[in-house]
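The values are calculated or read from the model by the stated rules, or taken from the named source; none is laboratory data. As the structure is a prediction and not an experimental result, all values here were calculated from the model. Here the Cβ positions follow ideal geometry from the backbone for every residue, glycine too, while neighbour counts run over all protein chains shown.
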Amino acid sequence: MPKAVYVHIPFCEQICHYCDFNKVFLKGQPVDEYVAACEQEMKAAVAEFPFEEIDTVYIGGGTPSALSARQLEKLLGTINHIFKPKGEFTIEVNPGNIEDEKLDVMKAAGINRLSIGVQVFQEELLQKIGRNHKEKDIYETIAKARKFGLDNISIDLMFGLPAQTIEMFAETLTKAVELEVPHFSAYSLKVEERTIFHQLFRKGKLQLPSEDEEVTMYDMLMNKLISQGYNHYEISNFGKIGFESQHNLTYWNNEEYYGIGAGAHGYVNGIRHANAGPIKKYISLVNSNGSSIIERHVVTNNEKIEEEMFLGLRKIDGVSITKFKERFKKTPNDIFGEEIQLLKEQGLLQEVAGHISLTRKGLFVANEVFEKFLFS
């Protein structure tokens with residue numbers, strides 16, 4: 001039974017060169033109709049699969065803060081009316097595009113966590129990756145949020161970017177830590193299809209840091225944030241104790257959640273589903289039958305076992321042997337004994353306090369470790 005809700009807002013004022021999420025330019029889009037369609041989808045989803053209590057809501061994008069204050073008020077009011085969330089209520093915002101009126105609406109609606117897309121602090125690098133904010137916008141946005149009592153702030157950072165040096169990333173980390181926010185998410189660049197960076201990569205025009213440099217950046221990231229008192233609780237996430245992202249832990253704990261909006265994915269009643277991506281198609285499908293689902297996949301038991309392993313191993317604590325046995329009547333060692341033993345011998349996995357987890361060495365080759373837990 002779902003205890004979390006993800007809502008996708010696909011509108012952006014600028015398209016970042018690395019982003020492959022479902023998104024469109026805001027100008028000229030039927031935003032009001034989209035917000036109304038989200039409401040219809042929420043009602044239909046809950047009617048089909050009721051919930052007992054919603055612990056977390058996450059509004060992502062795109063750029064949710066690109067909505068007007070009136071549109072935000074309508075969306076947040078709908079979420080509160082239908083789901084009555086009890087805990088963490090997060091919305092993504094971009095530096096520089098969040099006015100006091102919007103923050104007032106967010107605060108009044110019960111938003112209690114902001115995720116801010118900072119990425120880096122060097123303006124020439126921000127320009128290269130397609131971001132339209134300036135360094136000063138980062139400080140101003142955080143100051144504004146705090147003025148409204150929104151202190152639970154997470155910042156997104158990126159490394160392994162074109163033209164990004166180790167020195168640049170070190171400077172970004174220093175400036176980020178000085179902000180004294182309680183949470184960081186930090187990701188290495190992955191060149192995805194359907195992005196500007198992918199087009200440049202295919203033409204041989206994307207100069208990326210070497211693999212060794214990227215490894216150095218990740219090592220620096222861990223050392224810096226851990227030394228500053230942040231709990232490294234997931235491969236890419238660091239939080240002060242008590243400020244870990246409860247919503248994202250839903251995914252890593254392999255638990256169910258509603259997925260609302262164009263291109264959103266959900267996991268309800270043992271079925272993973274995907275919504276239509278194009279905005280007009282999404283609105284049309286929802287208006288005609290309450291749902292825009294274009295793909296449903298009943299997750300097999302083997303797939304659930306695979307997901308339990310590779311999602312759980314993303315957490316620094318790893319996979320709980322007890323919880324795994326409760327779900328599947330067998331331990332990970334019963335199913336993957338040879339693989340686990342080999343990975344332990346290679347120094348990539350460890351078993352500590354009833355959990356199987358990645359070692360520090362294993363964190364650097366996590367995807368290669370995950371592959372060992374696929375049945376085919």
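Looking at the range 281-303, which of its residues are of a type in the set (D, E) and farther than 14 Å from G259 by Cα?
If the condition is that a residue be of a type in the set (D, E) and farther than 14 Å from G259 by Cα, then E303 is the only one that fits.
Across the range 45-61, what is the number of residues that are assigned to a helix (DSSP H, G or I) and surrounded by 23 or more Cβ atoms within 10 Å (Cβ to Cβ)?
Total satisfying the criteria: 1.
Could you please give the count of residues in the range 245-261 that are charged (D, E, K, R) and part of a helix (DSSP H, G or I)?
0
Since V177 meets every condition but one in (1) at pLDDT below 95; (2) touching a strand residue (DSSP E or B) at 6+ places or on another chain (Cβ under 9 Å); (3) among the β-branched types (V, I, T), which condition does it not meet?
Failed condition: (1).
Conditions tested, residue by residue: (1) buried (at least 17 other Cβ atoms within 10 Å of the Cβ); (2) small (G, A, S); (3) not in a helix (DSSP H, G or I).
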residue	(1), (2), (3)
H273	yes, no, yes
Y282	yes, no, no
V286	yes, no, no
S291	no, yes, yes
E295	no, no, yes
I305	yes, no, no
E326	no, no, no
L343	yes, no, no
S357	yes, yes, yes
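In the range 223-239, which residues are under 15 Å from V365 (Cα atoms) and either in the same structural domain as D317 (by TED's automatic domain parsing) or not small (G, A, S) (or both)?
Within the range 223-239, E234, I235 qualify.
Okay, residues lined up against (1) surrounded by 15 or more Cβ atoms within 10 Å (Cβ to Cβ); (2) free of Cβ contacts under 8 Å to residues at least 12 places away in the same chain:
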site: G160; (1), (2): yes, no
site: Q164; (1), (2): yes, no
site: T172; (1), (2): yes, no
site: E178; (1), (2): no, yes
site: S185; (1), (2): yes, no
site: E193; (1), (2): no, no
site: K203; (1), (2): no, yes
site: L208; (1), (2): yes, no
site: V215; (1), (2): yes, no
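I'd like to know if the range 120-127 contains one or more residues that are touching a Cys at 6+ places or on another chain (Cβ under 8 Å), surrounded by 17 or more Cβ atoms within 10 Å (Cβ to Cβ) and either hydrophobic (A, V, I, L, M, F, W, C) or modelled with pLDDT under 95 (or both).
no
Output the number of residues of the range 359-376 satisfying the condition of being of a type in the set (A, V, I, L, M, F, W, C), under 15 Å from V215 (Cβ atoms) and part of a helix (DSSP H, G or I).
The total comes to 2.
Pairs only if they're at least six apart or on different chains, beta carbon under 7 angstrom, first in the range 305-319 and touching a residue at least 24 places away in the same chain (Cβ under 8 Å), second outside any helix (DSSP H, G or I) and charged (D, E, K, R); list them, first residue then second.
Here the result reads R314/E234; K315/E234; I316/E234, each pair linking the range 305-319 to a residue that is outside any helix (DSSP H, G or I) and charged (D, E, K, R).
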